[in-house]
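The values are calculated or read from the model by the stated rules, or taken from the named source; none is laboratory data. Only a predicted model underlies this, so the values are computations on that prediction, with no experimental measurement involved. Glycine gets a Cβ as well: all are built from the backbone with ideal geometry, and neighbour counts include every protein chain shown.
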Amino acid sequence: MRFRSRFGDLVRRQLDLFEEEHRGDLEEVHERLELYNAGDRDDAEELYGDYLDALETGTEILADMRDHYAASLTEQVAERYLRDFDRAVAKRLPAFRLELENR
């Protein structure tokens, strides 16, 4: 039997919207990571910082989306939603997982 999230459909739609509306931010994260991976050792620190900055932008958007919706729920239901949202991000947008969990 496969586990089905109570908020699975909602979270899927939220992440679809995020990917559609913030395609440029997602592309920037990917590009910055590629630049870091291909960069010289001397430039590694700066290139990684640029990657983290791009990642931070996307993470802020995801966290705002998640937290705004969670605020409309009771505390117990919000905990379940937050868990489902974070789990979905970890699977679908793994680069954002750690930063999002720390918020």
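Does the stretch 11-26 hold any residues that are within 12 Å of the chain's Cα centre (by Cα) and more than 15 Å from R66 (Cβ to Cβ), and which are they?
Within the stretch 11-26, D25, L26 qualify.
For the stretch 62-92, name all the residues that are of a type in the set (K, R) and either touching a residue at least 12 places away in the same chain (Cβ under 8 Å) or surrounded by 15 or more Cβ atoms within 10 Å (Cβ to Cβ) (or both).
Looking only at the stretch 62-92, we keep the residues that are of a type in the set (K, R), and these are 66, 80, 83, 87, 91-92.
Of everything in the stretch 62-92, those that are of a type in the set (K, R) and either touching a residue at least 12 places away in the same chain (Cβ under 8 Å) or surrounded by 15 or more Cβ atoms within 10 Å (Cβ to Cβ) (or both) turn out to be R66, R80, R87, R92.
Does the stretch 35-50 include one or more residues that are of a type outside the set (D, E, K, R) and under 11 Å from the mean Cα position of the chain (by Cα)?
no
With (1) under 20 Å from R87 (Cα atoms); (2) at pLDDT 95 or above as the list, and H30 as the residue in question, which single condition is left unmet?
(1)
What pairs come out if I take residues in the stretch 37-57 that are closer than 20 Å to D25 by Cβ and among the acidic types (D, E) and pair them with residues that are modelled with pLDDT of 95 or more and in a helix (DSSP H, G or I) whose C-beta lies under 8 Å away, six or more apart or interchain?
D50/R32; D50/L35; D50/Y36; D53/R32
Which residue out of R32, R12, R23 is loosely packed, with under 13 Cβ neighbours inside 10 Å and of a type in the set (K, R)? I'd like the intermediate steps shown before the answer.
Values: R32 fails: loosely packed, with under 13 Cβ neighbours inside 10 Å; R12 fails: loosely packed, with under 13 Cβ neighbours inside 10 Å.
Being loosely packed, with under 13 Cβ neighbours inside 10 Å and of a type in the set (K, R) holds for just one of R32, R12, R23, which is R23.
I'd like to verify a number: residues in the stretch 58-84 that are among the hydrophobic types (A, V, I, L, M, F, W, C) and in contact with a Phe, Trp or Tyr (Cβ under 7 Å, 6 or more places away or on another chain), how many?
We begin by selecting, within the stretch 58-84, every residue among the hydrophobic types (A, V, I, L, M, F, W, C); these are 61-63, 65, 70-71, 73, 77-78, 82.
Those left that are additionally in contact with a Phe, Trp or Tyr (Cβ under 7 Å, 6 or more places away or on another chain): 61-62, 65, 70, 73.
Final tally of qualifying residues: 5.
Pick out, from the stretch 23-96, the helices (runs of 4 or more DSSP H) lying fully within it that include 3 or more residues that are basic (K, R). Walk me through it before giving the result.
On the way: elements: 23-38, 44-70, 75-92.
In the stretch 23-96, 75-92 are the helices (runs of 4 or more DSSP H) which contain 3 or more residues that are basic (K, R).
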